[in-house]
Amino acid sequence: MSKIESILTESRVFEASENTQNQVALNATSIAQMYEKASKDHVGFWSDLAREKLVWSTPFTVGLDDSNAPHFEWFSDGELNVSYNCIDRHLATKSDKLAIIFEADDGSVDRYTYKELHDQVCRFANTLVSQGIQKGDRVVIYMPMIPQAVIAMQACARIGAIHSVVFGGFSAESLRDRIENAGAKLVITANAGRRGGKTIPLKQAVDEALEKGGDHVRKVIVFKRTNDDVPMQAGRDIDWYDAEAGMSNYHDPVMVNSEHPLFLLYTSGSTGKPKGVQHSTGGYLLNAHVTNEWMFDLSDNDVFWCTADVGWITGHTYVAYGPLSVGATILMFEGVPTYPDAGRFWKMCQDHGVTIFYTAPTAIRALMKFGAELPSQYDLSKLRILGTVGEPINPEAWIWYYNEIGGARCPVIDTWWQTETGAHMIAPFPVTPLKPGSCAKALPGIDAVILDEEGGALGTDEGGLLVIKKPWPSMIRNVWGDEARYQQTYFPLKDSVAGGETLYVVGDSAYQDKDGYFWILGRVDDVLNVSGHRLGTMEIESALVAHPKVAEAAVVSRPDDIKGEAISAFVVLNTGISHDETEREALVQELREWVAKEIGAIAKPSDIHFGSNLPKTRSGKIMRRLLKTLARGEEILQDTSTLEDPSVLEQFKKPKSL
């Protein structure tokens, strides 16, 4: 790529407030010391943290074993238990402290102290053992966003079973694929869930999945979340509370090797079967623990709300494991941000005294449409740190979030990481000077660089492949059952780079500015080649959202006989969609010229599709591969069951093209 000169080259810098600098545990000096130590002794840096932050039943003596690269093992002769580290170790000092606050879709609230969580997890761990589940067995969890999902995850970890959480929005077919690939012996589900006032059937999908496959499954444990009855198959299905009857509130945790798989989490691609990303125990938990301390400064007085579902990696690391390992109080929410109205997030922050709030840019942009008057109705004064996750946040959304939600006093922690990395990789600390749209610098112990396609280093403002040069503890260990896919997908540069380095290729394009800040441009396959010019979709989306009439935008490519690739933009307006053809055409021209002014004429969209919403999963992620299909005028054959509202696809089928 050539030098990057676009709207993403932000000139605004926001320094941490004096209050933030005085309040957080890590200041600029201590952070600099961490970077220095990690630079001088990469393995020693992580090893010392592992000894300091985690409780080991068998202390390790080996920091990193890289003898079988790209299979890296961390702390491989040590033993520990994740559930013990998340719950038991806090009982002596935090037994009565709230571990989980749960608000249901209907607004009702349940609370669990660390002692109550311990009892629940132990009881369910004993239940799993009574159903024949042992260390190393795979358990699929297909649940709503309720505390029982975390209890099930922690119980699996407690007995050494390997869980695979499947997002409750996935179809029966997608669920079946994951059950079969994992070789699961047991499925944990609910009869249904509640979202936005609607009932979401889950047990029905499990039944359909098991009708078509999943021969390894012996038992299905069903939690009755709603009053809706569902068929129960005799001999296979068992009610959660019936299964728990008579079980002890104590379970001695099973200590496992640091490299023992903690969980599998399947990622979907546009082609091929989903990949079962395998994560370890000790290395994963270490990064989950320290990033909750580093990025969110979690302490005893905080109420931390990460809005992600536990069906995604964010819900694993920043709901189910990391915050509990630190001993924090987490908020869980079953519903959606716009029910019963678009003030739901802000009301919950007020009502529960949320201090740390972590959500997706798509959610922020969607809520921006309702204006600043809505959040201003709620007391958000207890908020002290904001975070974003899932994709790069465009500068205008960053500014709105910073000003309207954080009152221009809360740092916005823009985090870059992946399912495969396990935890934050590039992100600011709360005291880091912030640039809207940039995820700042790689964390201590993370060696991130920008390379060209041949593995050569690139300079300032030159876009290329984002690559991690050194292993880190929470990195992916394998693709479950597919060694070749693991090596081909994540380590394609291994043999082509001088010096024999084993480089993790993340699949994102990015560049670094003169201050060393990273700017993520999007997935490598989302970098457009228009008439020989390389353009990042993120740049064009940011330009569109900067227009005062645009609330959200997503950009994809379609084949073009002349340009090679043409730009298709999908736009949601603040103003509503005009039915007047002349007005629509004028707005298309206005937006195209706006993008030309912000980036350059080459970046003007060829097509602009207007709609009232973008196709998003229930976690708020834009389904760009569906938009690509629409842009190309093709029939949608992909699974759309994960969409919050599949009907939004219909509105985009008549673009305004030029």
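The values are calculated or read from the model by the stated rules, or taken from the named source; none is laboratory data. Nothing here was measured: the structure is a model prediction, and the numbers come from that model. As a convention, Cβ positions derive from the backbone with ideal geometry for all residues, glycine included, and neighbour counts pool all protein chains shown.
Points to keep in mind about this one:
- Single residue of segment 602-636 satisfying the filter (part of a strand (DSSP E or B) and of a type in the set (A, V, I, L, M, F, W, C)) that is modelled with the lowest pLDDT: I622
- Residues that are aliphatic (A, V, I, L, M) and closer than 30 Å to T189 by Cβ occur in segment 71-86; there is at least one.
- For segment 313-343, a residue qualifies if it is farther than 14 Å from C86 by Cβ, out of contact with any Leu (no Cβ under 8 Å at 6 or more places or on another chain) and hydrophobic (A, V, I, L, M, F, W, C), and the qualifying residues are L331, M332, F333, V336.
- Only one of I399, I393 that is surrounded by fewer than 23 Cβ atoms within 10 Å (Cβ to Cβ) and either within 18 Å of the chain's Cα centre (by Cα) or assigned to a helix (DSSP H, G or I) (or both): I399
- Residue list for segment 92-112, filter: of a type in the set (A, V, I, L, M) and surrounded by 15 or more Cβ atoms within 10 Å (Cβ to Cβ): L98, A99, I100, I101, A104
- Qualifying residue in segment 157-172 (condition: out of contact with any Lys or Arg (no Cβ under 8 Å at 6 or more places or on another chain), β-branched (V, I, T), assigned to a strand (DSSP E or B) and under 30 Å from P323 (Cβ atoms)): yes
- Per-region count, segment 352-368, residues buried (at least 20 other Cβ atoms within 10 Å of the Cβ) and assigned to a loop (DSSP other than H, G, I, E, B): 3
- V166 vs. criteria buried (at least 23 other Cβ atoms within 10 Å of the Cβ), under 21 Å from the mean Cα position of the chain (by Cα) and at pLDDT 95 or above: no
- With respect to the conditions (1) hydrophobic (A, V, I, L, M, F, W, C); (2) in contact (Cβ under 8 Å) with a residue 60 or more places away in the chain; (3) more than 13 Å from G327 (Cβ to Cβ), V139 falls short on a single one, namely (2).
- When I101 is tested against (1) touching a Phe, Trp or Tyr at 6+ places or on another chain (Cβ under 7 Å); (2) hydrophobic (A, V, I, L, M, F, W, C); (3) closer than 26 Å to S299 by Cβ, just one condition goes unmet, and that condition is (1).
- Residues within segment 301-325 that are more than 19 Å from L380 (Cα to Cα) and of a type in the set (D, E), tallied: 1
- Subset of segment 472-493 (residues that are at pLDDT 95 or above and either over 19 Å from K275 (Cβ atoms) or surrounded by fewer than 17 Cβ atoms within 10 Å (Cβ to Cβ) (or both)): W472, P473
- Of all residues in segment 573-588 being in contact (Cβ under 8 Å) with a residue 24 or more places away in the chain and assigned to a helix (DSSP H, G or I), the one that is farthest from the chain's Cα centre (by Cα): E585
- Total residues in segment 75-120, condition small (G, A, S) and without any contact (Cβ under 8 Å) to a residue 24 or more places away in the chain: 4
- Exactly one residue out of I413, I356, I405, I385 is over 30 Å from T281 (Cα atoms) and of a type in the set (V, I, T), and it is I405.
- Filter result for S568 (surrounded by fewer than 21 Cβ atoms within 10 Å (Cβ to Cβ), at pLDDT 80 or above and among the small types (G, A, S)): no
- Among the residues making up segment 224-255, those that are charged (D, E, K, R), within 17 Å of D207 (Cβ to Cβ) and either surrounded by 11 or more Cβ atoms within 10 Å (Cβ to Cβ) or in contact with a strand residue (DSSP E or B) (Cβ under 9 Å, 6 or more places away or on another chain) (or both) are K224, R225, D228, R236, D237, D239.
- Residue among E373, E334, E391 that is under 27 Å from S280 (Cβ atoms) and of a type in the set (D, E): E391
- Counting only residues that are more than 22 Å from N19 (Cβ to Cβ) and among the β-branched types (V, I, T), segment 355-390 holds 4 of them.
- On inspection, N19 passes the criterion of being assigned to a helix (DSSP H, G or I), in contact (Cβ under 8 Å) with a residue 24 or more places away in the chain and farther than 30 Å from I151 by Cα.
- At least 1 residues being of a type in the set (D, E, K, R) and within 22 Å of L443 (Cβ to Cβ) is the threshold, and among the helices (runs of 4 or more DSSP H) wholly inside segment 22-118 those reaching it are 28-40, 42-53.
One line per residue, one yes/no per condition, for (1) at positive phi; (2) in contact with a Gly (Cβ under 7 Å, 6 or more places away or on another chain); (3) part of a helix (DSSP H, G or I):
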residue	(1), (2), (3)
G315	no, no, yes
L324	no, no, yes
G335	no, yes, no
F370	no, no, no
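- Selection of segment 402-429 for residues being more than 23 Å from L503 (Cβ to Cβ) and in a loop (DSSP other than H, G, I, E, B) yields G406, G407, A408, R409, C410, P411, P428, F429.
- Enumeration of residues in segment 563-572 that are of a type in the set (A, V, I, L, M) and within 29 Å of the chain's Cα centre (by Cα): I567, A569, V571, V572
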